[in-house]
Structures are given as C-alpha cells and as structure tokens.
Amino acid sequence: MNTEDLLPQVRSEHGFDTHALEQWLREHVDGFAGPLTVEQFKGGQSNPTFRLSTPDRRYVLRRKPPGPLLKGAHAVEREARVMAALGTTGFPVPHVYALCTDDSVIGTAFFVMQLVVGRIFWDATFPGVERASRPAYFDAMNATLAQLHRVDFAGLGLGDFGAPGNYFGRQIARWSRQYVEDEAAGRNADMDRLVEWLPQHIPAGEEVSLIHGDFRCDNLVFHPSEPRVIGVLDWELSTLGQPLADFAYHLMMYRVPPAGVAGLLGADLRELNIPTEAESVAAYCRRTGRPEIEHLNFYIAFNLFRFAAILHGIQGRVLRGTAASDRARELSNTMPLYASSAWKAARS
C-alpha cells in the first residue's frame, strides 16, 4: 500500500469521531500512542478502509459502512476472526490488533490491523514487472491459494466458520436472495436466468476447505521487489466451502476484460509472458494432487454470477447514497458485463 492508494480526504459520508477512536485505540491496542491522523484508502468497495498514522506507527482500520445493510453483508467480525487464526500459521495475512463491535465508538463495527507495505497490482497484466518475471508472480498467487486450501481449519478453531455441506446450494440461494431483495438496483435478464439455471446444474460431490472468496491480484500485497505474496487482504467473503469454486474465482480474470476489476480478456498473454488459464489450472492441480478439474465452466459461471450480484449490491448502495468508494458507480455499471459472461459460461 502506498500514498497513491489514498484519497485527499475522508469521504464525508464515512467520517467519524476521530477523538473517540483515538481513545478506544489507547485502551485496546498495545503500544498505541497518538496523536492520530486518519486517511481513507481509495479501495474498499464494500467496507470502507482507512490508514491510521501516529508519529511512530501506522495501522489499517476496516469498518462496516454506515446506513441500512443487507443481512449477513459487511461482516468485518468474520474478517478479523479468520485473519487472526491464519496469522498463527505463518500464512501471509496482516496481524489483527483489535476488533470493536460497539457501534457507539465510530458508528459501526470495525477492526484494526497491521499495515503491510508492498506492491498491489490493480492491473492483471502486472505492468512495471519485467516480462521474464511475470510467470513467477502468477505462480506466487497460485501457490498462496493452494496453501490456503490445505490449511487445517478445524485445528485453528474454524470448524464452525461455515455451514457444513451444500456449499453451492447455500451460496446460490444467498446471492440470488440479495440480488432479488435489493429492489433499488433493479433486475437483469441474465441474472434472472442464472437464478433459475445454477441450482439445477450443481455438480455432485462435496469438498470443504477454508476459502477466501475474493482472491484476485488487487487483494494481494506483494513483496516490494520479489515475486512473493506477503499479505492477503479483504476476507469479507471467506467461509468454509468448495476450494474449486475459490480457485475458479481466481481464474475469472481470464474470462473478463479489465472493466471495473483486473481482467485479462483481450490481452496478448504470450507477448506479456503470462501463464494461460490452462497452465494455471495445471499448476493448481499439481499443488493440490488433482488429475484435473471437472465442471470448470460451472464453477466459473457461478463465480461470475456471484460477482455480478456483488456489483448489483454496490449499485444499490450507490443509489441509496451509502457506496464506499468514488469508483463505486463506475464499478457497478459493469454488472451487466459480468452477468452476461456468467450466462455465456453456463451455456458452454
């Protein structure tokens, strides 16, 4: 994270009592000493995110947005819990200092974590990286996700982090419900088709691991000069679920253009020296001991649908005036693209 990721000032709709926060930090974060300066990161489409600076240290605060929220959304408590657990294993996550569930402090629940200094790539072509080094960056992403899927989540006390079994059924129902219930954002014909199609085509079999739910390059912090992931961010969608769904979400970058989020569709992968989708699949299979991934297009269709539902929710927050980012309107306008891409994957 760097200064280019920061806004010139905190958005007025996300402002809060910094004096109340500073007092809370003194009481709950070991070694904290003010005075405190608060700046807001440009990202954080769902949960507003801030840099907290003191003369000696810097932290990151991640909070629920103000205003009415859909049930189950913006679960910063879950983010803090899973990151704290993974931090004990050596998995690359920021250290969590403290969680506050008392809305009276700054208006909503929040947690405070370590500021990880490194490189974040908002463009999946990894501009600024030497051509010869790009495969190593993609391999680092692949290895980090495979490492997550091999974590002993029960041994970390996360055996109750998600409901057991029927992952796709539950997820499809959840995102279908959020899509349908958010009337402010309206309806989309491709989304309506997917709401009907997906439950009828769920692959047989169950496999459970800890999954991130939003594993893409712009949610990762890389070492300042090495092809190594040193921080995995944005755990709001993490749960216990199907690891192949999580991996397929990462592969989604190959199926969409760079519209709203980092996509590779239309990029010359050979010229850029970026591994193909098939090569990424082969690397993941090798790391996780699989011969292949059956039903890959279903997994990708599901993820494109889910992401379109998230964008639909952002669109609703834009219309209600509670969106967490200046980019929210631009991002939400790409929802039809993801919905149509999902329907195309489903039909294939």
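Taken together, the values in this text are just the output of simple stated rules run on the coordinates, not laboratory data. Treat the numbers as computed from the prediction; the structure is a model and nothing was measured. Because the Cβ atoms are built from the backbone with ideal geometry, glycine has one as well, and the counts that use them run over all protein chains shown.
Structure values in brief
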{"read-out": "Trp197, Trp175, Trp24 arranged by Cβ crowding within 10 Å, fewest neighbours leading", "value": "Trp197, Trp24, Trp175"}
{"read-out": "Crossing angle, helix 167-181 versus the chain [Cα axis fit, 0-90 degrees, rounded to tens]", "value": "70 degrees"}
{"read-out": "In sequence order, calculated HN-Hα J values of the stretch 14-22 (Karplus, 6.51, -1.76, 1.60; Hz; x Gly/Pro)", "value": "10, x, 8, 6, 5, 5, 5, 5, 4"}
{"read-out": "Using θ = phi - 60° and Karplus 6.51 cos²θ - 1.76 cosθ + 1.60, couplings along the stretch 272-285 (whole Hz; Gly, Pro as x)", "value": "7, 6, 10, x, 6, 4, 4, 5, 5, 4, 4, 5, 5, 4"}
{"read-out": "Neighbour-count ranking [beta-carbon atoms within 10 angstrom, fewest first] of Leu265, Leu233", "value": "Leu265, Leu233"}
{"read-out": "Net charge of Cβ neighbours under 11 Å - reference Gly165; Lys, Arg +1; Asp, Glu -1", "value": "-1"}
{"read-out": "Separation of the Glu279 and Arg329 label points, Cα + 7 Å toward Cβ, nm", "value": "4.1 nm"}
{"read-out": "Nitroxide proxy distance, nm - points 7 Å out along Cα→Cβ at Arg174 and Ala136", "value": "3.7 nm"}
{"read-out": "Most mobile of Thr125, Thr89, Thr144 in a GNM of the chain (Cα contacts under 10 Å)", "value": "Thr89"}
